[in-house]
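Here the structure comes first, spelled out in structure tokens, and everything after it is commentary.
Coordinate-derived values only; no laboratory data. It should be emphasised that the depicted structure is a prediction, and the values quoted were computed from it without experimental measurement. Methodologically, a virtual Cβ is constructed for each residue, glycine included, from the backbone with ideal geometry; neighbour enumeration extends over all protein chains shown.
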Amino acid sequence: MEVKELITMLAEESGSTLYMTLASTVFAYLLGLPLGVALVTTVKGGLTPVPLLNKCLNFIVNIVRSVPFLILLIAIQPFTRLIAGKSYGPTATVVPLVAAAIPFIARMVEASILEVDAGVIEAAQSMGASPLQIIWKVLLPEAKTSLISGATIALATILGYSAMAGIVGGGGLGDVAIRYGYYRYQTDIMIITVILLIVYVQILQAIGTRIARATDKRIRE
Amino acid sequence: MPSTVQLQNLTKTFKNKDDTLTALRDINLTVTPGDIYGIIGMSGAGKSTLIRCINFLEQPTEGTVFIDDCDLSGLNEKQLRKVRKDIAMIFQNFNLLMQRNVLDNVCFPLEIAGVKKKDARRRGMELLEIVGLKGKAKAYPAQLSGGQKQRTAIARALAGDSQILLCDEATSALDPNTTQSILQLLQDINREFGITIILITHEMSVIRQICSHVAIIEEGSLVEQGEVESVFNNPQTDIARTLFGTKGGEK
């Protein structure tokens, strides 16, 4: 393969990887964030206690969390086809990525929200704030820094997962690494893709850390 | 309109699997409008539970609380939230929103009540002026001293035009000088706006300095209550004498 060809391919597949990662993260947060909030608030003695629902949610989250991504990826292929119309390519890969990321994100959101000082929640209750107001105006804003750090971890994890999807023709850099590096023994191409993946994770992490720090008002100037 | 607070046969028990803890036992207390009512006791006596029962953050197991003619035990969650908007509260650890600046913290109860942002901000600035923090409107809680944090919390408590202010060990985390200035501020607020203040503390000096009435709580029961002077000059119980430092009758 010519160098020019290689560069074009790596650029394209980088785009696919980024697309899968970002799209999956966005969709997974749309469901994972409310789920994480619900895990905290529905607990017995919580803001909106529904202990039975809480037990069910915990159970489901734990089940999905226990399935290795590679197995999940293959196991839900019929579902993926149902949603995306096919089971290969970047867009189809978003489906299993979202499925795997939702419970993972929910757990991280849960941990972030649990960090919010109980006294602040009590203060809001003493002012007559409703549970919904407390979630929107206290829990999420006060947990903001931790949520952003969590989102950064989620992005890096999902990027890694997206590479795994290469095994079923998921597209992106992982796909390249498997096709060229594994099946065709072109170790050099594999090394390049791995380096690219490392660089992308580093960039995401650096951006995430910077945003988290810039928005945190707890730090004295 | 200033409000009367009445606690009737208030009992609170905490149950777990094999233990029942009686935190409050048959508490009866009437606070009339404009009082600064201090409730004093050792740690673990039930002070925190008691003050949280007044706005039903803790549901009493038996008995009830009347705010004027309103029986809190007869209200549902939504009605309770409405009543709580009229009962402000400040805390030992201030409980400010750390990601909001001082002005936005003060405006928070107004925001919850659905007041327009512009009106809320104007009111917020007025309140900051009252508590002497006008220059700190844009500062974040992490940049404030303990006294400034409590002033912010007091401004926030005043924002809802409440007629009752509950103080949960409001000066216990502050140094003696700051304590003095916060107590002075509470007294000014009481005089100027006629707000009824109910405070809990373990420090006799707080009672002596600003309270008109005092109740002494021991192991969940009120053992003495009345005007500060009369209770202080004629303590009936050992716990009162211990707290007042007048054991055995001598000063």
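Per residue, chain A reaches -24500 deg cm²/dmol at 222 nm when only DSSP H runs of four or more residues are counted, each adding -39500 (n - 2.57). Could you calculate the FRET efficiency of B:LYS138 with B:ASN9 from 1/(1 + (r/R0)^6), where r is the beta carbon distance between them and R0 is 41 Å, rounded to 0.05? Approximately 0.25, to the nearest 0.05. Summing charges over neighbours of B:ILE87, with a neighbour being any other residue whose Cβ is under 12 Å away from its Cβ, gives +2 when K and R count +1 and D and E count -1.
Here is the tail figure for chain B: Cα pairs spaced more than 34 Å apart come to 17 percent of all pairs. The chymotrypsin sites (Phe, Trp or Tyr not before Pro) of the stretch A:125-202 meeting both criteria, a DSSP state outside H, G, I, E and B (loop) and at most 13 other C-beta atoms within 10 angstrom of the site's C-beta, are A:TYR185. Which value in Å is the Kirkwood Rh of the stretch B:115-251 over different Cα pairs? Here the Kirkwood hydrodynamic radius works out to 16.7 Å.
Applying the criteria of a DSSP loop state and at most 15 other Cβ atoms within 10 Å to the trypsin sites (Lys or Arg not before Pro) of the stretch A:60-119 yields A:LYS86. For the stretch A:117-221, what class follows from the C-alpha gyration tensor (a ≥ b ≥ c being the square roots of its eigenvalues): rounded when a/c is under 1.5, otherwise prolate if a/b is larger than b/c, else oblate? Prolate, since a/c reaches 1.5 and a/b exceeds b/c.
Using per-residue counts of other Cβ atoms within 10 Å, averaged over each peptide, order A:20-27, A:67-74 from highest down.
Values: A:20-27: 21.0, A:67-74: 15.4.
Most protected by this proxy first, the peptides run A:20-27, A:67-74.
At a Förster distance of 41 Å, what's the computed FRET efficiency of B:ARG208 paired with B:GLN59, Cβ-Cβ distance as r, to 0.05? The partial results should precede the final answer.
Values: r = 33 Å, r/R0 = 0.81.
Efficiency for this residue pair is about 0.80.
Checking the Cα-Cα distances for A:LYS137/B:LYS116; B:LYS116/B:LYS149; B:LYS47/B:LYS82; A:LYS55/B:LYS78; A:LYS44/B:LYS82 against a 19 Å cut-off, the pairs over it are B:LYS116/B:LYS149; B:LYS47/B:LYS82; A:LYS55/B:LYS78; A:LYS44/B:LYS82.
The Cα-based radius of gyration and maximum Cα-Cα distance (Dmax) for the stretch B:1-138 are 17.7, 54 Å. Legend: mean number of C-beta atoms from other chains within 10 angstrom of residue C-beta atoms, peptide A:34-45, equals 0. Let a ≥ b ≥ c be the square roots of the eigenvalues of the Cα gyration tensor of the stretch B:1-70; is it rounded (a/c under 1.5), or, if not, prolate (a/b larger than b/c) or oblate? Taking the square roots of the gyration eigenvalues as a ≥ b ≥ c, the stretch B:1-70 is prolate.
Among B:THR20, B:THR201, B:THR32, a tally of other beta-carbon atoms within 10 Å of each Cβ gives an order, fewest to most, of B:THR20, B:THR32, B:THR201. Taking only the C-alpha atoms of the stretch B:121-179, Rg followed by Dmax gives 11.6, 33 Å.
With the simple model of a label 7 Å out from the Cα in the direction of the Cβ, B:ALA173 to B:VAL83 spans 2.8 nm. The value of relative contact order for chain A, using C-alpha pairs under 8 Å at least six residues apart, is 25 percent.
Only the Cβ atoms of Lys and Arg (+1) and of Asp and Glu (-1) were treated as charged; on that basis the dipole of the stretch A:3-215 about its Cα centre amounts to roughly 260 debye.
Computed FRET efficiency, Cβ-Cβ of A:VAL3 and A:SER66, R0 51 Å: what is it to the nearest 0.05? Display every interim value, and only then the final one.
Numbers: r = 44 Å, r/R0 = 0.86.
Calculated value: 0.70.
When shorter helices are ignored and each DSSP H run of at least 4 residues is given -39500 (n - 2.57), the per-residue value for chain B at 222 nm works out to -11000 deg cm²/dmol. At q = 0.10, 0.12 Å⁻¹ the log10 of I(q)/I(0) for chain A amounts to -0.53, -0.72, computed by Debye summation with a single uniform scatterer per C-alpha, solvent ignored. For the stretch B:84-103 versus the stretch B:21-72, the inter-centroid distance based on Cα atoms is 21 Å.
Of the residues A:SER14, B:SER205, the one with the fewest other Cβ atoms within 10 Å heads the list, and the complete ranking is B:SER205, A:SER14. Each listed q (0.11 Å⁻¹) maps to a log10 I(q)/I(0) for the stretch B:142-223 from the Debye sum over equal C-alpha point scatterers, namely -0.30. Label-to-label distance, B:GLN236 versus A:ILE74, with points set 7 angstrom from Cα along the beta-carbon direction: 8.1 nm.
Taking every DSSP bridge with both residues inside the protein assembly as shown, close to 55 percent are antiparallel. Compared with the alpha-carbon gap, the fully stretched path from B:ARG122 to B:SER43 is longer by 24.4 nm at 0.36 nm per residue. Building the convex hull from the alpha-carbon atoms of the protein assembly as shown and averaging its projection over directions returns 28.8 nm².
Sorted ascending by nearby beta carbons within 10 Å, beginning with the fewest, B:SER3, A:SER112 become B:SER3, A:SER112. Angle of helix A:187-215 to the longest C-alpha principal axis of chain A, folded into 0 to 90 degrees and rounded to 10: 20°. Projected onto its three principal axes, the C-alpha set of the stretch A:1-118 covers 64, 33, 21 Å, listed from the longest axis down. Counting only other chain Cβ atoms within 10 Å of each residue's Cβ, the peptide A:211-217 averages 2. The relative contact order of chain B comes to 27 percent, based on Cα pairs under 8 Å that sit 6 or more residues apart.
Candidates A:TYR182, A:MET164, A:ALA214 compared by Cα position along the dipole of the stretch A:163-218: farthest toward the positive end lies A:ALA214, with charges placed on Cβ. Neighbouring Cβ atoms from other chains, within 10 Å of the Cβ of residues in B:90-97, number 5 on average.
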